[in-house]
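The structure under discussion appears below in the form of structure tokens.
The values are calculated or read from the model by the stated rules, or taken from the named source; none is laboratory data. The shown structure was predicted, so the numbers you read here are calculated from the model rather than taken from an experiment. As a convention, Cβ positions derive from the backbone with ideal geometry for all residues, glycine included, and neighbour counts pool all protein chains shown. Please note that ligands, DNA and RNA were not included when accessible areas were found on the heavy atoms of the full protein model with its side chains. Shrake-Rupley method; radii C 1.70, N 1.55, O 1.52, S 1.80 Å.
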Amino acid sequence: MFFSFIFHFFCLLLRQLYRQDMAYNVFLFAMRDLWRLDIMVWIAGVPLLACAVVLLYFQLRRRRMYKKSLSYLSGMQRHPVEYDLVLKVMKMAIWRIDVRTQTITFESDFRDVVGSFHFPPNTPLEQFYELMQPQSRSQIQRALKDLMEGNLDEAHEQFQVRLPHSDQIHWEEAYATIEKRDLNGKVQVIVGTLTLIDNQKEIERALIEARNHAEESDRLKTAFLANMSHEIRTPLNAIVGFSDVLPMAQSDEERAELVSLIRQNNARLLRLFDDMANMSKLEAGGDTVKKDHFNLNQLLMEVADSFAEKSKATGVNIVVETKPDAVQPFSDRYRIREILNQFMDNAMKFTTKGSVTLGYQVIATPHSDQRSENKGLLRIWVRDTGRGIPASHCNEHIFERFVKIDEFVPGTGLGLSISRSLAMSIGGKVGVESKQNVGSLFWVEIPLE
């Protein structure tokens, strides 16, 4: 508009100065054509002005976006405490791998000091691989190779490492992902975390053992229930059958033999019910331990007398090795007698000739003296000349529930388990020593208080 005003003012000035000049009229006519160019300038300028406004709007919008991104990044830089706090609570370590140089750098390592390994910055990957156990090394190398080649976006692995200059082996758990690529899409940096999981692995191992133990117990109980009907039915059938035949006996000798067989099966049936009752009692918590002084020689003689009739029937001698000065332990007499009864029952069951011997000995311990309450250990044992036990079974497994060395020999497989539980309840333990075709020795040790 300003230029148009100047143009018209200039034309009026020329008209006043050169009214009668023909040259002036020609010039004025030409100037009118030029005035039309002013209108054309406005027509072309309006779209250009609109384009300039639009470009200015997008430029301001882009500037706001950049400003917002910068404020977010500056906020992250202003709050490293929260980042470190999370890592410290999770006990993690952050690491980065430079794919081009094949080096690893650990950052913000908050793992436990015991069981952790540390590297200086830009450590070659080969040194990291050397710490791993052989079964884990190839697994980790394969996972990192897939990440470096872009075949995977993230990876999760658990592996074992051996600490430098130590024989300790620890479990580590790693998560990794791609952090940076170049313009061609090739991986440049991999970032990941490391966590010690020794406690987790120990819990997993305990759970697996508990599951296996539960499965084994379930299997053994199933076998126990399957055999229980046979174990109960056999003596009952004998008792009923011999009782029916008894009135028809023709002589006193035949009658006495039948009565003896009935008594043997009665004893067998009572022993079976006693085992089941004792096992149920122990599972329910057992009775209160009642400790008192008692004569050990007298106890051994009582146990031997209870098996005298069975000894006469089988021809196996029962020997009791007593001592002139009888030991009088302070313990639960009933529980020790029940343990010896279980040992004697097994010995008489697997011994067809020879003898079964009961005895005891006092074992001095390094801490036993006259001033101490611990006077040593009392070992009470039952030794037989039976067929013995294979060496593979002479361990704690033989004292588990429902375990039977020979499935064809009558029994529930509870006797030795009951003995171990009773011994533990009075602070003792049980054990076995045996050789095949020579004999076995079962013993129980209790502290002399």
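What are the residues in the range 198-212 that are polar (S, T, N, Q) and farther than 15 Å from His170 by Cβ, if any? So that I can check it myself, show each step before the final result.
Residues of the range 198-212 polar (S, T, N, Q): 199-200, 212.
Correct list: Asn212 only.
Mind checking which pairs have a first residue in the range 253-281 that is over 14 Å from Ile239 (Cα atoms) and a second that is among the acidic types (Asp, Glu), Cβ under 8 Å, 6 or more apart or different chains?
These pairs meet every condition: Arg271/Asp345; Leu272/Glu231; Asn278/Glu338; Lys281/Asp287.
Could you grab me the full set of residues in the range 412-449 that are open to solvent by 10 Å² or more (accessible area, probe 1.4 Å), part of a helix (DSSP H, G or I) and either of a type in the set (Lys, Arg) or in contact (Cβ under 8 Å) with a residue 40 or more places away in the chain (or both)?
Gly415, Leu416, Arg420, Ser421, Leu422, Ser425, listed by residue number.
Ser138 versus (1) at pLDDT 90 or above; (2) loosely packed, with under 15 Cβ neighbours inside 10 Å: which is the lone unmet condition?
Condition (1) is where Ser138 drops out.
Does the range 316-331 include one or more residues that are open to solvent by 60 Å² or more (accessible area, probe 1.4 Å) and assigned to a helix (DSSP H, G or I)?
Scanning the range 316-331 turns up no residue that is open to solvent by 60 Å² or more (accessible area, probe 1.4 Å) and assigned to a helix (DSSP H, G or I).
Yes or no: the range 332-352 includes at least one residue that is free of Cβ contacts under 8 Å to residues at least 24 places away in the same chain, touching a strand residue (DSSP E or B) at 6+ places or on another chain (Cβ under 6 Å) and either not β-branched (Val, Ile, Thr) or not in a helix (DSSP H, G or I) (or both).
no
State whether one or more residues within the range 214-235 are open to solvent by 50 Å² or more (accessible area, probe 1.4 Å) and closer than 26 Å to Leu147 by Cβ.
For the range 214-235, residues open to solvent by 50 Å² or more (accessible area, probe 1.4 Å) and closer than 26 Å to Leu147 by Cβ: absent.
State yes or no: is Leu282 at pLDDT 90 or above and either closer than 28 Å to Ile405 by Cα or assigned to a loop (DSSP other than H, G, I, E, B) (or both)?
No, not satisfied.
Could you please find all residues in the range 250-261 being surrounded by 10 or more Cβ atoms within 10 Å (Cβ to Cβ) and either farther than 20 Å from Glu309 by Cβ or basic (Lys, Arg) (or both)? Write out each step before concluding.
Step one: filter the range 250-261 for residues surrounded by 10 or more Cβ atoms within 10 Å (Cβ to Cβ), giving 254-261.
Correct list: Arg255 only.
In the set Gly413, Gly431, Gly354, which member is modelled with pLDDT under 85, over 25 Å from Asp325 (Cα atoms) and not basic (Lys, Arg)?
Result of the check over Gly413, Gly431, Gly354: Gly413.
Within the range 121-129, is even one residue over 30 Å from Glu400 (Cβ atoms), without any contact (Cβ under 8 Å) to a residue 40 or more places away in the chain and part of a loop (DSSP other than H, G, I, E, B)?
Checked against the condition, which is being over 30 Å from Glu400 (Cβ atoms), without any contact (Cβ under 8 Å) to a residue 40 or more places away in the chain and part of a loop (DSSP other than H, G, I, E, B), the range 121-129 yields at least one hit.
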